Amino acid sequence: MLPGFSLQSLTQKKHFNLSTLNISPYICKTFVKTMELAEAKKNLNSIGYLDLKIPKDLDLIAEINKMRKEKNAVILAHYYQDGAIQDIADYVGDSLGLSQKAAEANADIIVFCGVHFMAETAKILNPTKKVILPDQKAGCSLADSCPASAFKPFVDAHPDHVVITYINCSAEIKALSDIVCTSSNAEKVVNSVPLDKPIIFAPDKNLGKYIMEKTGRKMLLWEGACIVHEAFSIDKILDLHKKYPNAQIIAHPESETPILKVANYIGSTSGMIEYAKTSDCKEFIVATEAGILHKMKKEVPHKSLIPAPIHQNVTCACSECPYMKLNSIEKLYLCMKYELPDIEVPEEIRKRALLPIERMLEISK
Ligand code: SF4
C-alpha cells in the first residue's frame, strides 16, 4: 500500500484521485482489487467468509464448474444444504457417505458444503488435500453442546468406559473417543463393543436414548442436542397426522423421544430417502431438516412430502438449520476462487481423531 494511506482513504478518494497520478485504469483497478482482497482476508475470521463484491452479471454456476475443472476440486454437499448447492455438487450425502467420499477423494481440493465439523472430518481423513468451506461460521449446536473442556474430565472420571461419539462433534472430542459413529451406523458401532464394557455415548442424548432402546445396552449419555430436531412439536405433528391419516411419519433419530415413538420409520437422512423410495406409502410427514426435501422430491416426485411442523410459527412451517444455511452459491464461488476459508486441524489432534473415525469406517464396510 502507498505509505501513510489506508485502503479506505484511497478507495474513498479522500486524499487524492488515483487517476491524477497518471496510472493506467487497469493498474488502478488491480490495485483497488488487491487492497479489497487484503481487507477481506483480514476480516475472514470475524465474518466467516471473504466479504467481496461479485459482479451481478457473473454466471456463478458456470464459474464454479470452470474452477472445479481447473483446480481439480471435488464438491461434497450434505442433504441439508440449499437445493442450488446440492444441484452443483459432485456428491450429496449424509455424514457417513460424505466421510467415505472425503477419505477416498483424489482431487487436490475438497470443497465441503456442510458444517465445520464435517469439513474438519474430511481434513482428518485426507490431510494432504486442501479442504475449504464456504462459510467457516457454519457450526453446529450439537457439536457446541459438547466442549472438550467439559468432556475431557467426564471421560477421565470413567476410565473403564468405551467412548463412542456421534460424528457431530469437534476434532478435539473425536480425539478423546474410541469409536466415532453416524446415525447410519450407531447401532452397529454400539453392538461392536463387548457386552461387559460400559459405554459413554456423546454428544446427542436423543440418538443415545434411541440406540439404548434398539440395542438394549445401557449407556452413559452426554446431555447434548440439536436445535433443529428438538424444534419439532409432537402436538402439531399429531394434528397434522389427523389431517393426513394415510401419511407415515418418518424421523431422524436426533428427534426427541415422543416423536420417535410415533414414527413409522426412524433413520439417517439417507435411510429416510431410501424408505420414502421403497415404501408403498404415498404420503410422508418428514421430521428432519427441510433441506432433505430437495433430494426426496427428486427421488419420489409422485409422492407427497409434508415437512413436520415445529413449536414456533415460522414462514417455511419447517425446521431449517441456521448453520447449514449460512453457505450459499455466492460464498461457494468465493471460497473456490480464493481457496479460503480453509480448514486446518493441528497434527497431534488429527492423528488421535483419525483412529476412532477409521474404526467406524471399518465397522461400516
Ligand atoms: S441440523 Fe443440528 S446437528 Fe445438523 S448441523 Fe444443524 S445444528 Fe448441527
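Summed over the range 102-115, the residues that are away from the ligand (no atom under 16 Å from the Cβ) and either surrounded by fewer than 20 Cβ atoms within 10 Å (Cβ to Cβ) or in a strand (DSSP E or B) (or both) give a count of 8.
State all residues of the range 184-235 that are of a type in the set (Lys, Arg) and touching a residue at least 40 places away in the same chain (Cβ under 8 Å); if no residue qualifies, say none.
From the range 184-235, those of a type in the set (Lys, Arg) are 188, 197, 205, 209, 214, 217-218; that's our starting set.
Result: Lys188, Lys209.
The set of residues in the range 268-299 that are surrounded by fewer than 18 Cβ atoms within 10 Å (Cβ to Cβ), in contact with a Ser or Thr (Cβ under 9 Å, 6 or more places away or on another chain) and not acidic (Asp, Glu) comprises Gly271, Lys282.
Taken over the range 31-50, residues that are over 27 Å from the mean Cα position of the chain (by Cα) and without any contact (Cβ under 8 Å) to a residue 12 or more places away in the chain amount to 2.
For the range 139-154, the set of residues classified as in contact with a His (Cβ under 8 Å, 6 or more places away or on another chain) and buried (at least 19 other Cβ atoms within 10 Å of the Cβ) consists of Cys140, Ala143, listed by residue number.
Name every residue in the range 116-133 that is away from the ligand (no atom under 16 Å from the Cβ) and touching a Cys at 6+ places or on another chain (Cβ under 8 Å), in order of residue number. So that I can check it myself, show each step before the final result.
Of all residues in the range 116-133, those away from the ligand (no atom under 16 Å from the Cβ) come to 123-132.
Listed by number, the list holds a single entry, Ile132.
Hey, can you tell me all the residues within the range 268-313 that are within 16 Å of Leu240 (Cα to Cα), assigned to a loop (DSSP other than H, G, I, E, B) and of a type outside the set (Ser, Thr, Tyr)? Correct list: Lys282, Ala308, Pro309, His311, Gln312, Asn313. Is it the case, given these coordinates, that Leu142 is more than 30 Å from Ala40 (Cα to Cα), in a helix (DSSP H, G or I), within 16 Å of the ligand (Cβ to nearest atom) and not β-branched (Val, Ile, Thr)? No: the conditions fail for Leu142. Residues in the range 155-188 that are among the β-branched types (Val, Ile, Thr), assigned to a loop (DSSP other than H, G, I, E, B) and away from the ligand (no atom under 16 Å from the Cβ): there are none.
For the range 53-69, state whether one or more residues are away from the ligand (no atom under 16 Å from the Cβ), basic (Lys, Arg) and assigned to a loop (DSSP other than H, G, I, E, B). If you could, list the steps in order and put the result at the bottom.
The first filter runs over the range 53-69 and keeps only residues away from the ligand (no atom under 16 Å from the Cβ), leaving 53-69.
Pick out the ones that are also basic (Lys, Arg) and you get 53, 56, 66, 68-69.
If we keep only those that are assigned to a loop (DSSP other than H, G, I, E, B) too, we end up with 53, 56.
Yes: one or more hits.
Lys152 meets each of the listed conditions (1) outside the structural domain of Leu332 (by TED's automatic domain parsing); (2) assigned to a loop (DSSP other than H, G, I, E, B); (3) closer than 16 Å to Ala353 by Cβ apart from (2).
Would you pick out the residues in the range 17-35 that are part of a helix (DSSP H, G or I) and modelled with pLDDT of 75 or more?
Applying the first criterion (part of a helix (DSSP H, G or I)) to the range 17-35 yields 18-21, 25-35.
Within the range 17-35, Pro25, Tyr26, Ile27, Cys28, Lys29, Thr30, Phe31, Val32, Lys33, Thr34, Met35 meet the criteria.
Could you tell me whether Leu96 is within 24 Å of Asn327 (Cβ to Cβ), surrounded by 11 or more Cβ atoms within 10 Å (Cβ to Cβ), at pLDDT below 95 and not assigned by TED's automatic domain parsing to the domain that holds Ser183? Yes, satisfied.
The values are calculated or read from the model by the stated rules, or taken from the named source; none is laboratory data. Computed from a predicted structure; not experimentally measured. Cβ atoms come from the backbone with ideal geometry, glycine included; neighbour counts cover every protein chain shown.
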